[in-house]
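Coordinate-derived values only; no laboratory data. Bear in mind the structure is a predicted one, so any value in this text is a computation, not a measurement. Positions of Cβ are generated from backbone atoms using ideal geometry, with glycine treated the same way; all protein chains shown enter the neighbour counts.
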Amino acid sequence: MSAVTAAETAAVAQAAAAPLAAALEVLSFKLGNEEYGIDILKVQEIRGYEQPTRIANSPAFVKGVVNLRGVIVPIVDMRVRFGLDDVQYNSFTVVIILNVANRTVGMVVDSVSDVLELEAGQIKPAPEFNGAVDASFITGLGTVKSGDAERMLILMDIERLMKSPEMGLIDNAG
């Protein structure tokens, strides 16, 4: 009888923890008119934009490198990477320093909005694009209520994007 009680207790505890495990904490940021979200656990810090040192023969979206407390960090401009027009740098432009695949990488975004907790019910699956758009790094769409309005976040698997061969930032052999 006590074994059943222990199993029931474990099942109740697991069921109570399930909604917490389904919640996702994301950092939201803007690129152009769109708002994106990435797992907050991948974010090391947020810094103001400073002109990086350019590296010869690097892709246009790799703006260069910066020295961050003795670590050389490649800086990727996400507006250029996603082919957005009118790339401007202003007082809102920030660099999100990420830890992905045991590497430190910086990504330039227009601005950072919030840290949000999304419940499972607020996350919808990513739409299928039939190869017209590479959506392999999009994990879903999150909906967030702002007053009477609802805004949508494009949820990204930032590690998958940064590890992709076209980025050329992280060696996938290891």
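Any idea what diffusion coefficient the stretch 24-163 gets from Stokes-Einstein, in µm²/s, Kirkwood Rh on alpha carbon pairs, 25 °C, 0.890 mPa s? Mind showing how you got there, number by number?
Details: Rh = 15.8 Å.
Reported coefficient: 155 µm²/s.
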Between Leu84 and residues 5 or more places away or on another chain, which pairs have amide H atoms under 5 Å apart, with H built 1.01 Å from N, and which residues are they? none
Once normalised by the length of the stretch 24-163, the mean sequence separation of its alpha carbon contacts under 8 Å that are 6 or more apart gives a contact order in percent of 28
Pairwise label distance in nanometres, Glu117 with Ile55, each label 7 Å out on the Cα-Cβ vector: 3.8
Test of understanding: ordering Arg69, Arg151, Arg81 by Cβ neighbours within 10 Å, fewest first, what list do you get? Arg69, Arg151, Arg81
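Filter the cross-link list Lys63/Lys124; Lys124/Lys145; Lys42/Lys163 down to pairs whose alpha-carbon distance in this structure exceeds 21 Å.
Working: Lys63/Lys124 33 Å; Lys124/Lys145 15 Å; Lys42/Lys163 13 Å.
From the list (Lys63/Lys124; Lys124/Lys145; Lys42/Lys163), the Cα-Cα distance tops 21 Å for Lys63/Lys124.
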Long-range amide H partners of Tyr49 with built H, under 5 Å: Val95
Tell me which residues come under 5 Å, amide H to amide H, from Gly140 once H is placed; ignore anything under 5 positions away on its chain. Ala126, Leu155
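Just check the stretch 50-118 against the gyration tensor rule for me: Cα atoms, a ≥ b ≥ c as the square roots of the eigenvalues, rounded for a/c under 1.5, and otherwise prolate or oblate depending on whether a/b exceeds b/c. Numbers along the way, then the final one.
On the way: a/c = 1.63, a/b = 1.12, b/c = 1.46.
Oblate, since a/c reaches 1.5 and b/c is not below a/b.
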